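Below: the structure, in structure tokens.
The values are calculated or read from the model by the stated rules, or taken from the named source; none is laboratory data. Not measured: the values here are computed from a predicted model. All Cβ positions, even for glycine, are placed from backbone atoms using ideal geometry, and neighbour counts span all protein chains on display. Just so you know, the surface numbers come from the protein's heavy atoms only, side chains and all, with ligands and any DNA or RNA stripped out. Shrake-Rupley method; radii C 1.70, N 1.55, O 1.52, S 1.80 Å.
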Amino acid sequence: MDKLGKPASGFARTRIPRPQIVLQPIQSASHPPVSRVCSTRNCPCQMSLLPQKSSLEPPVLERVNSRADSLDNLSMDNFWLEVENIKQSTEAEQEECGLAEVKTPEEGEAEAAWLQDAGLSDLIGDNAADNGNIVLLSTLTKTQAAAVQRRLDTYSRSRRKKNKQPVRDVRDIFGVINSGEVVPETEESVTTRSQHGLGSSGNTRKSDARGLQDFSDMVRSSGREEIFNTDVAYSEQAAILLKGSLPESRRIKEENTLTKFKLRKGRLGVTRIGDLSPQDMKKIPTLALIELTALCDVLGVELKRNKAIKLKATENRLFGVPLNTLLENDQKLIPNAKVPLILHALLSCLEKKGLDTEGILRVSGSQTRIKNLQQKLESDFYSGLFRWEEVHQNDISGLLKRFIRELPTPLLMAEYLPAFAAVQNIPDLKQRLQALNLLILILPEPNRSTLKALLEFLSKVVAREKKNKMNLWNVSMVIAPNLFMHKALPTKVPEGKEKQLAEGAANVVRMMIHYQDLLWTVSSFLVAQVRKMNESSSRRYQFYDKRIKNLLRKIHTDKDKTEKNEAEPSKIVKVQTSLFLKDSMEVHLNSGTKAADVLRQFQKRLSQNNWNIVNTVHLLKCNGSVESMNLLLCEVGGNIGEHCLDPDTYLLDLYHVNPHAEWIIKQNPSFSWMI
């Protein structure tokens with residue numbers, strides 16, 4: 001063996017030692033995990049290595065299109081070449097890093113961590129309380145409630161084995177029916193919510209059934225363009241599919257070309273990440289985690305979770321620094337910064353002079369030169385003395401990938417890397433995207449914003465494929481090792497599974513690049529759950545063990561009263577415009593009035609100069625006309641914190657969902673992925 005661990009008589013390209021990809025494949029008896037020993041002498045922190053390609057690996061099935069097969073092989077070469085570049089770039093630094101020990105969690109530990117992340121930790125404490133849990137639990141669908149119950153049952157068994165007091169049964173909160181099944185608080189359809197507010201335990205289930213039936217009918221009648229429905233919880237949709245409500249032919253199998261999806265807009269429009277207030281967005285990750293778990297339970301996909309780990313903190317200012325720390329420092333310079341300034345600078349430089357470079361991202365720059373540039377950036381970046389124009393684009397792409405790899409915790413988070421990898425085990429493409437959408441919502445905001453900035457740049461690279469020769473699959477193959485490999489997470493891969501797992505990781509990246517507009521949305525059913533939580537919290541009930549069922553019954557009675565009120569066919573409301581005008585604007589709402597109509601009405605009246613104008617400096621274009629796209633209509637208060645409305649939102653429906661909110665016209669801040 002030589003110093004890189006290559007067999008002396010082997011082929012350099014195909015028999016290099018490969019750093020481990022953080023993936024969790026389905027184990028089989030024929031392919032047990034194989035442990036590998038570090039090949040670098042005296043290096044306690046060396047990445048774990050993938051086993052070499054097995055000589056017994058079955059040949060790839062012949063394909064009709066031989067050219068596509070050849071391109072796939074080239075892409076796989078790109079993947080392993082990137083892995084080797086990563087290994088070489090880190091070998092000299094391994095002795096400086098501190099590696100956290102990764103232990104397999106004991107029985108009950110994973111469930112306790114899950115309940116903690118899901119905001120239900122009070123249910124497993126010695127003094128279990130319902131104050132913070134009852135509001136969340138009352139919003140859950142049947143499949144979500146079952147997922148919570150399953151984790152509590154597993155945790156209870158582990159506690160009993162350790163001779164500790166058992167935790168409380170979640171059925172004490174949900175109530176039980178004769179069969180012992182958890183009574184669901186199923187999700188409402190958007191139409192039902194718009195008419196009846198939060199719904200009820202009885203009538204709501206009837207309307208929910210109608211909503212699920214609408215989903216079934218909608219999927220049955222869809223044509224070539226697949227509909228992506230966010231009105232009904234994904235786990236409930238999956239349950240319908242598994243029960244045979246839809247023909248097997250409607251399942252979407254992934255082909256060589258990616259399916260085109262159309263995001264279905266309900267009456268309340270589409271909510272994108274960034275449209276909700278920070279207070280409401282804090283509720284989304286816990287709801288998304290519960291829904292993701294419920295979806296995986298229905299699909300039979302194991303959802304593993306790593307322990308949260310990180311490498312020893314460095315003394316650097318840029319590389320190897322936590323995203324939160326970088327943003328805290330950068331926001332002192334630019335208050336609205338959402339991604340680190342160094343990442344913004346790297347991406348901007350590549351966009352200016354690297355998009356048309358053949359092999360950009362794939363062709364690696366000099367490791368020595370990249371290391372020297374990194375040191376110069378550490379000392380000169382914030383002073384503005386770093387000379388970007390003198391740096392070769394391939395070296396910049398090397399710095400970009402190094403920045404991502406050297407984050408103390410993976411960009412996709414150590415806890416959820418196995419879940420991102422497990423997405424590939426879901427056979428249906430639409431359900432893969434549903435799982436990815438939930439995983440992205442679970443990510444902390446700095447990670448999510450940084451990932452979005454990276455994916456937007458990668459889309460621009462793919463768009464210049466004719467010049468840079470980097471198609472979607474090639475870009476995905478090169479980026480996947482940088483996202484799924486981390487020095488602090490050594491794991492094992494079964495012999496002969498390298499190609500399958502490498503393709504799986506790259507395919508997850510490919511979906512995130514191609515479907516990012518779809519993935520960066522907050523599903524309507526999650527927004528409905530946030531509304532329920534806010535409305536239930538405002539009731540200020542005091543929840544005690546003996547009063548739980550009575551109080552839930554009271555809540556449902558109050559909801560029934562709301563349902564009896566017939567929806568008004570029209571309404572006159574006032575829209576606040578205090579940022580621009582001294583007077584509010586009266587708007588007549590009917591069933592067809594949209595948010596865009598109100599903005600056009602405001603634009604028309606503003607241009608007529610009939611009102612006392614406060615400030616229009618930033619609303620005027622060069623020719624003096626008002627640019628309506630600079631304006632947003634926001635829903636504030638009631639059962640939501642603040643919600644920037646989709647232009648296609650039907651306002652009368654929204655009024656019925658949240659009659660106590662104020663509507664305010666605000667200026668749309670100049671948007672880029674950096675601010």
At a probe size of 1.4 Å, how large is the accessible area of Lys582, to the nearest 10 Å²?
150 Å²
Once all protein chains are kept in place, Leu303 shows an accessible area at probe 1.4 Å, nearest 10 Å², of 50 Å²
If Ile342, Ile227 are ordered by their accessible area, calculated over protein heavy atoms with a 1.4 Å probe, which sequence runs from highest to lowest?
Ile227, Ile342
For the stretch 318-401, the dipole about the Cα centre with charges only on Cβ (Lys and Arg +1, Asp and Glu -1), to the nearest 20 debye, works out at 120 debye
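How large is the translational diffusion coefficient of the stretch 365-466 in µm² per second when you combine the Kirkwood radius over alpha carbon pairs with Stokes-Einstein at 25 °C and 0.890 mPa s? Each step should come with its number before you reach the end.
On the way: Rh = 16.1 Å.
Answer from the Stokes-Einstein relation: 152 µm²/s.
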Members of Lys283/Lys532; Lys353/Lys466; Lys282/Lys666; Lys282/Lys532; Lys304/Lys452; Lys604/Lys666 lying beyond 18 Å, as alpha-carbon distances in this model show:
Lys282/Lys666; Lys304/Lys452
On the full set of protein chains, 1.4 Å probe, figure out the accessible area of Lys304 and give it in Å² to the nearest 10.
70 Å²
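Counting only protein heavy atoms, what percent of the accessible surface of the stretch 412-529 is carbon or sulfur at a 1.4 Å probe?
Details: 1340 of 2700 Å².
The computed percentage sits at 50.
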